[in-house]
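> Would you mind keeping the following structure in view while I ask a few things?
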Amino acid sequence: MVDTGSFTRAAERLGITKTVVSQQVTRLEDELKTTLLMRTTRRVEPTEAGRLLHTRSVLILREAEDAFSEIGRSNAEPTGVLRIAAPNDYGASAIAPLAAAFSRRYPACQVDLRLSDARIDLIANQIDLSIRVGWLDDSNLQSRRIGSFRQYLVAAPDVAAMLRISDPDNLSSAPFIANAALREPIVWHFTKEDFDRTIRMRPALAIDSTPAVLAATLASAGLSVLPDFLIAGHVEAESLVCVLPEWSLPAGGIHVVYPTARFRPPKVTAFVTMLVDHVRKTEQPRSK
């Protein structure tokens with residue numbers, strides 16, 4: 001009414017009846033125990049209290065509109081710090097290059113990438129998403145499987161030539177590099193058609209970092225089981241060879257894990273979209 005000077009025009013602007021407008025003003029005056037509007041036959045004029053309330057209300061509404069606009073803009077474009085946790089091997093080989101590409105595409109968003117083979121508490125560390133490779137434990141967190149990987153028994157060419165492994169049963173006495181970051185680092189299940197063997201390896205070396213297991217394998221310390229995304233380039237370069245390639249080891253999953261929430265900020269959804277696209281592209285050659 002302060003802007004329109006009339007209950008009728010105020011009702012028309014609000015799309016409600018004049019009676020409702022009058023009732024709301026009366027209820028507000030009763031609550032504040034003061035008169036806000038002086039009503040005459042020709043015009044409605046605000047009292048001093050009415051002008052004060054109107055001025056403050058305009059400021060509050062303007063700030064609220066600005067806040068909604070700012071939130072709307074932040075929900076349209078990735079901004080702020082994106083905190084990601086990932087294991088050392090997959091984090092270094094896939095997530096770090098992807099984080100660099102993400103930073104170039106969205107310069108208003110900074111990436112904080114934390115690599116560790118230990119499980120990180122997402123809530124306590126304010127992590128937006130975690131990449132977990134392998135098999136998920138039961139958890140209250142939300143997860144999405146975005147891809148898979150295969151595991152291979154590999155060795156440096158000189159080790160493979162010396163051992164001449166022809167059957168999984170030969171493995172129990174061969175030097176093995178155990179990945180201590182895994183739940184079962186020395187027990188492996190091999191399958192081929194209708195045959196399966198569970199073999200307990202003899203660990204000549206135990207290391208709790210997958211990239212370090214790879215380094216030791218390249219240095220001819222023994223056999224090891226490693227994921228395809230980590231060894232593909234080395235097998236192609238013939239610095240590693242697959243041992244018992246006709247036998248299969250359990251495949252694992254690549255998962256995105258989130259803290260429980262109803263909505264995901266744009267920085268999270270944008271990064272996951274890039275990651276899913278990357279995983280699909282890298283998995284296509286395997287299926288050919």
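> Kindly give Rg over Rh for segment 46-195, based on alpha-carbon atoms, with the Kirkwood expression for the hydrodynamic radius.
Using only Cα positions, Rg/Rh for segment 46-195 is 1.28.
> Let me ask you something else. When the scattering of segment 222-273 is computed by the Debye formula from its Cα atoms alone, each counted once and equally, what is log10 I(q)/I(0) at q = 0.14, 0.22 Å⁻¹?
At q = 0.14, 0.22 Å⁻¹ the computed log10 ratios are -0.61, -0.88.
> Can you send over the carbon and sulfur percentage of the accessible area for the chain, probe radius 1.4 Å, protein chains only?
Here it works out to 52 percent.
> Before I look further, what does the chain give for accessible area per residue, probe 1.4 Å, in whole square angstrom?
Here the per-residue accessible area is 59 Å².
> Report the normalised scattering of segment 1-42 as log10 I(q)/I(0) at q = 0.23 Å⁻¹, calculated by the Debye formula with identical scatterers on the alpha carbons.
Per q value, in the given order, log10 I(q)/I(0) is -0.79.
> So which aspartates and glutamates can Lys281 reach, going by Cα to Cα under 15 Å and dropping same-chain residues fewer than 8 places off?
Partners found: Asp228.
> Follow-up. Express the relative contact order of the chain as a whole percentage, based on alpha carbon pairs under 8 Å and six or more residues apart in sequence.
In percent, rounded to a whole number, it is 22.
> Just Val154, Val81, Val133 to compare: in a GNM of the chain, with alpha carbon springs under 10 Å, which one fluctuates most?
It is Val81.
> Further question: Output the relative contact order of segment 71-157, whole-number percent, from Cα pairs under 8 angstrom with separation of 6+ residues.
Relative contact order of segment 71-157: 35 percent.
> So what's the gap between the Cα centers of segment 159-186 and segment 78-118, to the nearest angstrom?
Between the Cα centre of segment 159-186 and that of segment 78-118, the gap is 33 Å.
> Counting only DSSP beta bridges with both residues in segment 158-288, what percent are antiparallel, rounded to the nearest 5?
Working: 7 of 13 bridges.
Antiparallel: roughly 55 percent of the beta bridges in segment 158-288.
> Follow-up. Going by average Cβ neighbours within 10 Å, how do the peptides 211-217, 192-198 rank, with the highest at the top?
Listed from highest to lowest mean packing, they are 211-217, 192-198.
> Where the centroid of each part is defined by its Cα atoms, how far is segment 231-278 from segment 35-59 in Å?
64
> Let me ask you something else. Under the √(5λ) rule applied to the eigenvalues of the Cα gyration tensor, what semi-axes describe the equivalent ellipsoid of the chain? Give them in Å, descending.
The three semi-axes for the chain are 68, 17, 16 Å.
> How much of the DSSP beta bridge set in the chain is antiparallel, as a percent to the nearest 5?
Rounded to the nearest five, the antiparallel share is 65 percent.
The values are calculated or read from the model by the stated rules, or taken from the named source; none is laboratory data. From a predicted model like this one, the values you see are computed outputs, not experimental measurements. For neighbour counting, all protein chains shown are included, and Cβ atoms are generated from backbone atoms with ideal geometry for every residue, glycine included. Only protein heavy atoms, including side chains, enter the accessible area calculation; ligands, DNA and RNA are left aside. Shrake-Rupley method; radii C 1.70, N 1.55, O 1.52, S 1.80 Å.
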